[in-house]
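Participant: Input: one structure, supplied below.
The values are calculated or read from the model by the stated rules, or taken from the named source; none is laboratory data. Because the structure is a prediction, the values reported are computed rather than measured. Cβ: placed from backbone, ideal geometry, glycine included. Neighbour counts: every protein chain shown. Keep in mind that these areas ignore ligands, DNA and RNA; they rest on the heavy atoms of the full protein, side chains included. Shrake-Rupley method; radii C 1.70, N 1.55, O 1.52, S 1.80 Å.
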Amino acid sequence: MNHKLKVGIIGLGEVAQIIHLPILESLSDKYEVTALCDISKQLLQTIGERYRVTNLFTDAKELTKQKDLDVIFVLNSDEFHTDCVISAVQNKKHVLVEKPMCLTKSDADRIIEARDKNEVYVMVGYMRRFAPAFIEAVHEMEKLDKINYVKVRDIIGQNSLFIEQSSNVHRFNDMPKHAMVDKEERAMKMVNEAIGEDAPDTLRTTYRLLCGLSSHDLSAMRELIGFPNRVVSASNWNGGKFITATLEYDDFYTTFETGIDNIIRFDAHIEVFGNNKQLTVQYNTPYIRHLPTNLTLAKTVNGNYSECVTRPTFKDPYTLELEHFFEVVTKGILPKTTPEDFKKDLELFDMIIEKLR
């Protein structure tokens with residue numbers, strides 16, 4: 001396959017407007033957006049006019065049937081991801097689905113089964129793992145003789161605080177009432193399956209935070225240092241919107257901390273402490289494109305301490321992710337972030353939730 005990939009997009013909210021559509025437009029030698037879907041008719045019309053797309057749908061399954069599409073981006077609310085992904089692959093379309101791919105392990109298995117049956121690719125949108133600074137950190141880990149301690153931290157202000165100052169996102173109040181009811185009912189059913197019908201509201205909030213923001217951190221952590229042996233302890237508070245956990249590895253421990261507040265700052269980083277070297281991958285908000293991801297290496301050699309900050313590129317991780325997806329589809333290579341890989345995150349979420357009960 002050596003032609004431009006024809007793209008259908010399901011979900012035209014802020015991540016589509018700020019990230020995916022502008023990047024797809026900038027990668028016009030690789031992608032052509034030819035179909036859009038959203039439940040808001042006003043939003044659908046507005047974005048269709050902006051990107052000169054005339055194939056407009058309010059029903060996602062109808063979009064997946066458009067015969068000339070090569071790939072479908074599933075960017076809508078996560079309660080609908082599974083149905084959209086499965087409909088796309090059943091119609092022989094490759095899929096990029098934003099995280100979380102789904103909310104339950106049974107849905108993950110359904111997606112994997114449908115993908116294998118229809119012989120297409122499904123890739124999960126974990127853009128942080130495509131940042132060159134992170135990839136360089138993975139290579140540096142191969143040189144590290146010992147890990148003493150790892151810290152994974154993501155304390156950020158609400159996304160809206162960054163978006164309001166940097167982007168113009170179209171929003172309309174014409175969402176069908178039945179769709180909103182469906183969304184709430186799906187969420188309830190999925191979370192009940194994942195953590196139990198008797199789970200308190202704070203635990204439900206925590207689970208959604210793990211599946212949302214925290215999936216970025218823990219997915220990147222797994223690539224960098226592997227899957228933990230067990231969760232030693234975990235706490236949540238502020239209605240479940242703040243979490244800490246201690247994770248045990250063979251000969252070191254990792255602390256994970258996350259929370260969302262109203263301060264306009266984005267402190268998302270992974271720190272690895274070795275005997276003579278310390279690695280820090282520092283991320284920034286993805287909603288302001290081209291803010292760099294930095295890798296800081298601090299080390300002591302022959303009594304001399306030094307720090308080196310590496311910023312490999314200003315190209316944002318989302319762009320690199322979509323370039324990788326193009327290679328996946330056109331060259332038949334295995335995606336870096338597969339559904340099987342995402343399922344490991346669901347397993348880790350379960351381990352944290354069990355410690356919080």
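Participant: Please compute the length gained on full extension between TYR249 and LYS331, using 0.36 nm multiplied by the number of residues separating them and subtracting their Cα-Cα distance.
Facilitator: Between TYR249 and LYS331, full extension yields an extra 25.9 nm.
Participant: Which entries of LYS41/LYS241; LYS151/LYS344; LYS41/LYS61; LYS93/LYS183 show an alpha-carbon separation above 22 angstrom in the structure shown?
Facilitator: Table pairs above 22 Å Cα-Cα are LYS41/LYS241; LYS93/LYS183.
Participant: Could I ask something else about it? Assuming a ≥ b ≥ c are the square roots of the Cα gyration tensor eigenvalues, decide whether region 289-357 counts as rounded (a/c under 1.5), prolate (otherwise, with a/b larger than b/c) or oblate.
Facilitator: Note, shape of region 289-357 comes out oblate.
Participant: Under unit Cβ charges (Lys, Arg +1; Asp, Glu -1), what dipole magnitude, rounded to 20 debye, does the chain have relative to its Cα centre?
Facilitator: Charge dipole, the chain, about its Cα centre: 520 debye, nearest 20.
Participant: Shape call for region 1-97 from the C-alpha gyration tensor, a ≥ b ≥ c root eigenvalues: rounded (a/c under 1.5), prolate (a/b greater than b/c) or oblate?
Facilitator: rounded
Participant: With each label point set 7 Å from Cα along the Cα-Cβ vector, what nm distance links ASP29 and LYS344?
Facilitator: 3.4
Participant: Still on this model: Excluding ASP109 itself, calculate the net charge of residues whose Cβ lies under 15 Å from the Cβ of ASP109, where each Lys or Arg counts +1 and each Asp or Glu counts -1.
Facilitator: With Lys, Arg at +1 and Asp, Glu at -1, the net is -4.
Participant: So how do ARG52, ARG153 rank on accessible area, 1.4 Å probe, biggest first, that is with the largest at the start?
Facilitator: ARG52, ARG153
Participant: Let me have the 222 nm mean residue ellipticity of the chain computed from DSSP H runs of 4+ only, each contributing -39500 (n - 2.57), with the sum over all residues rounded to the nearest 500.
Facilitator: It lands at -12000 deg cm²/dmol.
Participant: Also, quick follow-up: Run through all the Cα pairs of region 144-284 and give the fraction in each 5 Å bin from 0, expressed as whole percent.
Facilitator: 2, 8, 15, 17, 17, 16, 12, 7, 4, 2, 1, 0
Participant: Just to be sure I understand the model, the point goes 7 Å from the Cα along the line to the Cβ. What's the resulting TYR149 to ASP109 distance in nm?
Facilitator: The answer from the label model is 4.0 nm.
Participant: Continuing with the same structure: Extension gain MET141-ASN238, at 0.36 nm per residue separation less the Cα-Cα distance, in nm?
Facilitator: My answer for the length gained is 31.4 nm.
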